[in-house]
Amino acid sequence: MYAYIKGTLMEITEEAVVVETGGIGYNIKVSTNTADLLPGIGSEVKIYTYTLVREDSFSLYGFLTRDDLDIFKKLITVSGIGPKGGLAILSVMSADALRFAVAAGDAKEIAKAPGVGKKTAERVILDLRDKISIEDTLRNLGSSDGRAGGDTGLADNMMKREAIEALTALGYSASEAAAAVKKVEISENDTSETILKQALKHMF
């Protein structure tokens with residue numbers, strides 16, 4: 001119904017925001033990550049929205065980017081993951097982190113979301129693996145949407161991407177490469193080469 005709502009940010013709570021436009025205040029449910037990235041009260045914001053209409057309710061779910069909205073729409077197609085569960089997952093990980101977890105088969109990371117158990121997390125991976133391309137995962141690992149923890153997070157993601165691309169060049173599948181790189185604990189002294197060497201140890 002609404003593609004997005006653009007207006008003045010009037011209120012921020014743990015679960016929702018109020019955006020006023022045209023004299024109307026829209027109550028929009030958001031993830032913790034989205035709430036943390038919002039500007040101060042009184043600022044102008046643009047929130048991309050998903051509208052859920054039921055017999056007894058009318059709810060809006062909001063995101064700062066179309067990418068987050070797209071991932072949310074994919075999440076709620078998974079059996080057992082409703083809008084509340086989708087927001088819970090996006091409260092503990094970004095859209096890019098979710099892509100990486102799905103590609104790597106990392107159910108443990110997804111299960112960190114409140115109310116999402118291991119079986120549900122595994123279902124998310126099974127259902128979304130064919131809906132989230134590894135190319136998107138790699139492309140997003142090499143770009144910044146302002147959520148990767150600043151320059152350090154961006155540098156880590158670029159090194160991960162380079163390591164994954166090196167592994168695929170060696171003949172491993174993108175999913176196998178992503179899973180191996182995911183297991184590597186990166187330190188400030190690591191380079192793409194050292195990450196690659198550590199990842200290779202997880203391939204055997």
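The values are calculated or read from the model by the stated rules, or taken from the named source; none is laboratory data. Owing to the predicted nature of the structure, the values given are computational and were not obtained by experimental measurement. Ideal geometry is used to build each Cβ from the backbone, glycine not excepted, and the neighbour counts take in all protein chains shown.
Residues in the stretch 1-31 that are surrounded by 15 or more Cβ atoms within 10 Å (Cβ to Cβ), β-branched (Val, Ile, Thr) and in contact (Cβ under 8 Å) with a residue 24 or more places away in the chain: Ile5, Ile12, Val17, Val19, Ile28, Val30. Looking across the stretch 1-56, the residues that are of a type in the set (Val, Ile, Thr) and not in a strand (DSSP E or B) come down to Thr13, Val30, Thr32, Thr34, Ile41.
For every residue, the table says whether it meets (1) surrounded by fewer than 16 Cβ atoms within 10 Å (Cβ to Cβ); (2) at pLDDT below 75; (3) touching a Ser or Thr at 6+ places or on another chain (Cβ under 6 Å); (4) outside the structural domain of Ala103 (by TED's automatic domain parsing).
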{"residue": "Ser143", "(1), (2), (3), (4)": "yes, yes, no, yes"}
{"residue": "Asp151", "(1), (2), (3), (4)": "yes, yes, no, yes"}
{"residue": "Ile164", "(1), (2), (3), (4)": "no, no, no, yes"}
{"residue": "Thr168", "(1), (2), (3), (4)": "no, no, no, yes"}
{"residue": "Ala179", "(1), (2), (3), (4)": "no, no, no, yes"}
{"residue": "Lys183", "(1), (2), (3), (4)": "yes, no, no, yes"}
{"residue": "Asn189", "(1), (2), (3), (4)": "yes, no, no, yes"}
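Of the residues Ser59, Ser79, Ser43, the single one that is of a type in the set (S, T, N, Q), surrounded by fewer than 21 Cβ atoms within 10 Å (Cβ to Cβ) and touching a Pro at 6+ places or on another chain (Cβ under 8 Å) is Ser59. Only residues that are at pLDDT 95 or above and out of contact with any strand residue (DSSP E or B) (no Cβ under 8 Å at 6 or more places or on another chain) were counted in the stretch 32-53, giving 0. In the set (1) within 25 Å of Ala163 (Cα to Cα); (2) charged (D, E, K, R); (3) modelled with pLDDT of 85 or more, the condition left unmet by Asp96 is number (3). Tallying residues that are part of a loop (DSSP other than H, G, I, E, B), under 21 Å from Leu128 (Cα atoms) and not basic (Lys, Arg) within the stretch 173-204 yields 1. The set of residues in the stretch 82-101 that are in contact with a Lys or Arg (Cβ under 6 Å, 6 or more places away or on another chain) and surrounded by fewer than 19 Cβ atoms within 10 Å (Cβ to Cβ) contains only Val92.
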